Amino acid sequence: MKFPKSMKALSMLVLSSALLATAGCGSSKPSSSGGEQYSKEKPLVIKFSHVTTADSPKGKAADKFKELMEQKTGGKVKVETYPSSQLYGDKDELENLQLGNVQIIAPSVTKLVGLNPQFQIVDMPFLFKNREAVIKFWDGELGNKLMNSLDSKNIKGIAMWENGFKHFTSNKPIAKPEDFKGQKFRTQAGKVLEAQFKALGAGAATIPFGETYTALQQKTVDGQENTFNNMDTQKYAEVQKYLLTSEHGRLDYVVLVNKQWYDKLPQDIKTAFDAAMKEATEFERKLAVELDKKSFENLKNSKKLEIINLTPEAREKFVKQMESVYNEFEKVVGKDLIDGVKKL
Ligand code: LMR
């Protein structure tokens, strides 16, 4: 077919600008690794599954990561986020990460107890004195060592995302240690949390996060412990009567990826991944602090919960009552680790 001269010039112009655009922007070139080629037309799909709502700090940061990652790779990567245990819940997310059925999860630190019992450091009663100590721990040598302990399980710890301090709630009074006697509480996982309630004369039952509201509603358990934001976004005020602002433990997340999968990522995608994760982490930590305060206000304003502020005297009593947890778990969690946190 013969083109008029002007058409020929135009098509040359279009073609050369397309070539220029491709050469100038590395992100639009296909990325390849191990025979796989990723492009805008055939993107690498990354699944990010978690158990909290989309409007929790974890949920919003997962969506932020999606936005950043897709933007940084010019569409060569597509991130699918699955909140509220839609894809995997507490019981199966770790296993599916190891199997490669999901590429990113961000479980609460406690839920890694089966892989390394030292993760229960976050559950040692009243150990972390403030948020600064938590940040120093995870961004420092101690936290890094703990995360790296997962390497041999084909899991790579990428970042710590915050939620906040835990507090107790129940349908029955919980102002002082004696009140806990005979009550039953939902726990996330692990023997340390079980021992914590045992020290108070209470029972404990591990229940997946996605089933906790119903367990409280049906009175399978009397109470639970969680952050303000989790209580707020899960609407626990509807099924609990008392909230004690105890700050007795931490609930934060470790963002985890399948190690083999991550190690094999094409270099340009890996670079974009690391940068997107760094930005999403900064975003998440700032948001978690804001939402912790906002959620506490929401819980107070719900008028459904009686808020009991932990007095210094009551705090001292709780600390004393829970000393047995340290006697029992110092070896399991590690004296070095515990002493290290105390020094932060
Ligand atoms: C819980 O099970 O209470 C939390 O770990 C849920 C979460 O991911 O914040």
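Values in this text are rule-based calculations from the coordinates and carry no lab data. Values in this document were obtained by computation on a predicted structure and should not be read as measured data. For neighbour counting, all protein chains shown are included, and Cβ atoms are generated from backbone atoms with ideal geometry for every residue, glycine included.
Miscellaneous remarks
- Taking amide H as placed 1.01 Å from N in the peptide plane, the amide H of residue 77 sits under 5 Å from that of 44, each at least 5 places away or on another chain.
- Across all Cα pairs in the chain, the calculated P(r) in 20 Å bins from zero up to the longest distance comes to 29, 50, 15, 5, 1 percent per bin.
- Computed over the chain with a Gaussian network model linking Cα atoms closer than 10 Å, the most mobile of 94, 299, 265 is 265.
- Those residues of segment 237-260 whose amide nitrogen sits under 14 Å from the label point placed on residue 302, 7 Å along Cα→Cβ: 237-245
- Here the simple spin-label model places points 7 Å from the Cα toward Cβ, and for residue 247 and residue 172 these points are separated by 2.8 nm.
- Sorting 188-197, 37-46, 172-181 by average packing, meaning the other beta carbons within 10 Å per residue, from highest down gives 188-197, 172-181, 37-46.
- With both labels modelled 7 Å from their Cα along Cα-to-Cβ, the residue 293 to residue 324 distance reads 4.0 nm.
- In a DSSP loop and with at most 16 other Cβ atoms within 10 Å, the trypsin sites (Lys or Arg not before Pro) in segment 59-106 are 91.
- Working from Cα pairs under 8 Å separated by at least six residues, relative contact order for the chain is 23 percent.
- The calculated FRET efficiency for residue 78 paired with residue 55, based on their beta-carbon distance and R0 = 25 Å, is about 0.65.
- Amide proton proximity set for residue 47, modelled H, under 5 Å, gap of 5+: 80, 103, 104
- When both segment 220-242 and segment 48-67 are represented by their alpha-carbon centers, they are found 21 Å apart.
- The packing ranking of peptides 279-290, 224-235, highest mean first, is 224-235, 279-290, where packing means the average number of other beta carbon atoms within 10 angstrom of each residue.
- For the chain, calculated [θ]222 nm from helices alone, where every DSSP H run of n ≥ 4 adds -39500 (n - 2.57): -13500 deg cm²/dmol
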